[in-house]
Amino acid sequence: MAEITITETDRRRSTALILDVREDFEVAEGMIPRALHIAMGQLQSRLAELDPAVPVIAVCRSGNRSARVAEALNGAGFTADTMAGGMIAWTRAGLPTT
């Protein structure tokens, strides 16, 4: 699993799936446009919603949960990275949210 920057995440948004693993109340504050929201605790039961052929960038609030999710996804046969700094870094940089 690689930890990638918010700049790299922004650049790869059109070719990778952004997977937001935060809780509902966190996502209500805004998320990366076109991201898929699956809370970390629901991931195992919703894994079939992900396409193993599409690279995943896992995102959470600060980067801790998403690192664990990316590691688990890689172990399940996906190609997954985590976004360093999470949504805190994304919003501080003024990048778009919905």
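The values are calculated or read from the model by the stated rules, or taken from the named source; none is laboratory data. What you are looking at is a predicted structure, and each value in this text was computed from that prediction instead of being measured. Keep in mind that these areas ignore ligands, DNA and RNA; they rest on the heavy atoms of the full protein, side chains included. Shrake-Rupley method; radii C 1.70, N 1.55, O 1.52, S 1.80 Å.
Axis of helix 64-75 versus longest Cα principal axis of the chain: the two differ by about 30°, to the nearest ten degrees.
Would you check the accessible area of ARG13, probe 1.4 Å, heavy atoms only, in square angstrom rounded to 10? It works out to around 50 Å².
Extents of segment 6-98, largest first, come to 33, 27, 21 Å (Cα atoms, principal axes, whole angstrom).
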